[in-house]
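Following: one structure in structure tokens, then a few remarks.
The values are calculated or read from the model by the stated rules, or taken from the named source; none is laboratory data. In this text the structure is predicted, and so the values were computed from the model without any measurement. Every residue, glycine among them, receives a Cβ derived from its backbone with ideal geometry; neighbour counts consider all protein chains shown. Heavy atoms of the whole protein, side chains included, go into the accessibility calculation; ligands, DNA and RNA do not. Shrake-Rupley method; radii C 1.70, N 1.55, O 1.52, S 1.80 Å.
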Amino acid sequence: MRHRLRPSLVAVLVLVAIGLALAGLWPSAEAQAPIVLKLGTVNPGESPRNLAANEFARVAAEKSKGRIKVEVYTNNQLARGEGATLEGVQLGTIDVAPVGSAPIGGIFEPAYLPLDLPFLWTSRDQVWKVMDGPIGQELFKKMEAKGVKGLCFGGGWGFRNMLSNKRPINTPDDMKGQTIRVQESPIYVAMMKQLGANPVPMPWGEVYLAMKQGTVDGMEIPVVTMVSDKFFEVTKYYSLTKHTYPPISWFMNLKRYQSLPADLRQVVDEAGKAACALDRKSEVDKEKGELELIRKAGVQVNEVKDLKPFQDRMGPAYDVVTTKVGKESMDRVTAAVKAAQ
């Protein structure tokens, strides 16, 4: 014989359950199933980006008490190259990602273009001071119209230098006739043309094989990426031109960010700040020892004693950017850079 609960007892049990839920003691669906965010990077191994990505995941889990779980996918697992990665963030197939300024300016938002001007920056501190100021916030505001939320500016890819399998680069004439992979940005195309090279825009995921097979003669990347992506295995010469420093922006899909409760949006903001701080620190720390590793791997490394001949040819690259962003925007960026010296 079945026993039925009296209506009054049912009412009491319902009230108890409601009370426990309001007190936060009743297990909710949210507590049982954390919000999962997919974070994607383009680099393998222990690159500063990946260390920072794991820090983002750690802080988000800790600060949210497990309500947010960040799954980190490195080495182009979610999309091939930075351009495709940022497109993934726009579409929502990727929730969070760090992306360099060159593909952003070249593909998504021209206001980013001045950040990659050759020989614009003289130090990392100068870069970070500008990006943490009004210029950086204005750029993030523009990106919201593209469907992404700017969380913070990390490090960069480091000061970029020239790789070649033909010859070391000491003067602009050493670049003549070389086929050089460049980022998907009109600045890098213009820069290489002014040096007499043949620029080939190419997504990051295709570059290692292109160097190995000789599809391109050279490219340009910073010390840390030279090591993390093992380009020392396929490169003969590495010339320290230090021609650009592209800052890294950390983005989140805007709708995904806005869908979070206010307290979890704050958690994401804090996780972003922690990731960007580690991004900057690890880039500097790693660079110190990795130039020596490159030398020990058999790559011939040379300092470029006189950069002025290179700088003197860069006028057309600056003209390209001025045409695309307007003189007023260009002047504001260059004024901020000068003030941060």
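List every residue pair whose Cβ atoms lie under 8 Å apart, where the two residues are 6 or more positions apart in sequence or sit on different chains, the first residue falls within the range 284-298 and is more than 14 Å from residue 155 (Cβ to Cβ) and at pLDDT 90 or above, and the second residue, located anywhere, is part of a helix (DSSP H, G or I) and open to solvent by 50 Å² or more (accessible area, probe 1.4 Å).
Filtered contacts from the range 284-298: 297/233.
Quick one: how many residues across the range 307-326 are open to solvent by 50 Å² or more (accessible area, probe 1.4 Å) and among the aromatic types (Phe, Trp, Tyr)?
1
Scan 143, 192, 162 and give me the residue that is free of Cβ contacts under 8 Å to residues at least 60 places away in the same chain and closer than 22 Å to residue 320 by Cβ.
Numbers: 143 fails: free of Cβ contacts under 8 Å to residues at least 60 places away in the same chain; 162 fails: free of Cβ contacts under 8 Å to residues at least 60 places away in the same chain.
Checking each option against the conditions leaves just 192.
Look through the range 80-94, keep the residues that are in contact with a helix residue (DSSP H, G or I) (Cβ under 7 Å, 6 or more places away or on another chain) and open to solvent by 20 Å² or more (accessible area, probe 1.4 Å), and return whichever of them is farthest from residue 202 (Cα to Cα). Can you show your working first?
Keep residues of the range 80-94 that are in contact with a helix residue (DSSP H, G or I) (Cβ under 7 Å, 6 or more places away or on another chain), which gives 80-83, 86, 92, 94.
Among the residues that remain, those that are also open to solvent by 20 Å² or more (accessible area, probe 1.4 Å) are: 80, 82, 92.
Numbers: 80: 11, 82: 11, 92: 24 Å.
The selected residue is 92.
Residue by residue, here is whether (1) modelled with pLDDT of 95 or more; (2) hydrophobic (A, V, I, L, M, F, W, C); (3) buried (at least 19 other Cβ atoms within 10 Å of the Cβ) holds:
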residue: 110; (1), (2), (3): yes, no, no
residue: 121; (1), (2), (3): yes, yes, yes
residue: 126; (1), (2), (3): yes, no, no
residue: 131; (1), (2), (3): yes, yes, yes
residue: 147; (1), (2), (3): yes, no, no
residue: 155; (1), (2), (3): no, no, yes
residue: 165; (1), (2), (3): yes, no, no
residue: 169; (1), (2), (3): yes, yes, yes
residue: 172; (1), (2), (3): yes, no, no
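Would you pick out the residues in the range 250-273 that are touching a Cys at 6+ places or on another chain (Cβ under 9 Å) and either more than 30 Å from residue 221 (Cβ to Cβ) or open to solvent by 20 Å² or more (accessible area, probe 1.4 Å) (or both)? Don't jump to the end; show me each part of the working.
Residues of the range 250-273 that are touching a Cys at 6+ places or on another chain (Cβ under 9 Å), as a first pass: 250, 269, 272-273.
Result: 269, 273.
Could you list all residues from the range 42-70 that are open to solvent by 30 Å² or more (accessible area, probe 1.4 Å), of a type in the set (Lys, Arg) and part of a helix (DSSP H, G or I)?
58, 63
Taking the residues in the range 285-306 that are of a type in the set (Lys, Arg) and within 23 Å of residue 126 (Cβ to Cβ) as candidates, determine which candidate is surrounded by the fewest Cβ atoms within 10 Å (Cβ to Cβ). Spell out how you get there, then give the answer.
Initial filter on the range 285-306 (of a type in the set (Lys, Arg)): 286, 288, 295-296, 305.
Narrowing the set further to residues that are within 23 Å of residue 126 (Cβ to Cβ) leaves 286, 288, 305.
Details: 286: 20, 288: 9, 305: 7.
For the range 285-306, the residue satisfying everything is 305.
What pairs can you find where one residue is in the range 261-278 and modelled with pLDDT of 95 or more, the other is open to solvent by 70 Å² or more (accessible area, probe 1.4 Å), and their Cβ atoms are less than 6 Å apart, with a gap of 6+ or different chains?
267/63; 270/63
Being in contact with a helix residue (DSSP H, G or I) (Cβ under 9 Å, 6 or more places away or on another chain) and closer than 30 Å to residue 92 by Cα, is that true of even one residue in the range 236-246?
Here is the first cut: in the range 236-246, the ones in contact with a helix residue (DSSP H, G or I) (Cβ under 9 Å, 6 or more places away or on another chain) are 238-241, 243-246.
Restricting the remaining residues to those that are closer than 30 Å to residue 92 by Cα gives 245-246.
Yes, the range 236-246 has at least one match.
Hey, among the residues in the range 218-249 that are acidic (Asp, Glu) and over 16 Å from residue 180 (Cβ atoms), which one's surrounded by the fewest Cβ atoms within 10 Å (Cβ to Cβ)? Walk me through how you get there before you give the answer.
First pass over the range 218-249, keeping only residues acidic (Asp, Glu): 220, 229, 233.
Keeping just the survivors that are over 16 Å from residue 180 (Cβ atoms) gives 229, 233.
Details: 229: 20, 233: 12.
For the range 218-249, the residue satisfying everything is 233.
Do you know which residues across the range 262-295 are of a type in the set (A, V, I, L, M) and either under 28 Å from residue 163 (Cα atoms) or not in a helix (DSSP H, G or I) (or both)?
Just the residues of the range 262-295 that are of a type in the set (A, V, I, L, M), to begin with: 262, 264, 267-268, 271, 274-275, 277-278, 284, 291, 293-294.
Within the range 262-295, 278, 284, 291, 293, 294 meet the criteria.
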